[in-house]
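Step one of this worksheet: look at the structure below.
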Amino acid sequence: DQQVKQNSPSLSVQEGRISILNCDYTNSMFDYFLWYKKYPAEGPTFLISISSIKDKNEDGRFTVFLNKSAKHLSLHIVPSQPGDSAVYFCAASAVNRDDKIIFGKGTRLHILP
Amino acid sequence: ETGVTQSPTHLIKTRGQQVTLRCSSQSGHNTVSWYQQALGQGPQFIFQYYREEENGRGNFPPRFSGLQFPNYSSELNVNALELDDSALYLCASKRGGSGGTVYQGQFFGPGTRLTVL
């Protein structure tokens, strides 16, 4: 039972263009959604989060959009840079329940020169 | 500010053995969580420790156990190792207990890669 789904295992985007990574979830109890970035041989690094009461959160080149009715969120990176090439994990948490973070399987983003 | 550190970086064990993995939390963080990341999967929550007590557990059998020490460092112990336990084990820390600053995310260490033969 996968509560957080990232259906695209990989994505290739031209440098300078917009990267859009998608994520779907099934549990309505989630109240925070997070994106993590992971380079090989490193642990995941927190990128950006959004509360379930918001529909958008922006931090520099990174913007997360949340569509609660569709149980869908997306991460937009613009403009995409070579250093953005990594695996991106979508994650969710029910803070007022058990606080554990549920991760998707990840999407590998390749930024092409 | 020192980040999350884990030891060892790599480990090879045989089926049936026991293993202990170690984690030092980031300075100022009192909550530690452990995750298992199998190949091609996202990290899966094992358990969380706050003030030396387990305060959340994922769907892992009792042979996965842990400890948190007064300095907030932590250990993950796995008994009776199975081949499927081969994975990257990640430790993460944050301030606050359950319901704490999850919106800031947890800070992950580089992981320990365990191979069970």
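The values are calculated or read from the model by the stated rules, or taken from the named source; none is laboratory data. Since the structure is predicted, the reported quantities are computational estimates derived from the model, not experimental observations. Note that each Cβ is placed from the backbone with ideal geometry, even for glycine, and that neighbours are counted across all protein chains shown.
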**Study point:** Evaluation of A:Pro113 against (1) touching a Pro at 6+ places or on another chain (Cβ under 8 Å); (2) under 29 Å from B:Cys91 (Cβ atoms) (one fails), failing number
**Key:** (2)
Review point. Somewhere in region B:60-70, is a residue more than 9 Å from chain A (Cβ to nearest Cβ) and under 17 Å from A:Ile102 (Cβ atoms)?
Key: yes
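Going by the conditions given, is A:Leu75 buried (at least 20 other Cβ atoms within 10 Å of the Cβ), touching a residue at least 40 places away in the same chain (Cβ under 8 Å) and touching a strand residue (DSSP E or B) at 6+ places or on another chain (Cβ under 8 Å)?
yes
For region A:9-35, enumerate the residues that are assigned to a loop (DSSP other than H, G, I, E, B) and of a type in the set (Ser, Thr, Tyr).
Passing the criteria: A:Thr26, A:Ser28.
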Exercise for review: State all residues of region A:25-50 that are within 12 Å of the chain's Cα centre (by Cα) and surrounded by fewer than 18 Cβ atoms within 10 Å (Cβ to Cβ); if no residue qualifies, say none.
Suggested key: A:Thr45
Point to revise | Residue among A:Phe30, A:Phe46, A:Phe65 that alone is modelled with pLDDT under 95 and over 23 Å from B:Val4 (Cβ atoms) | key: A:Phe30
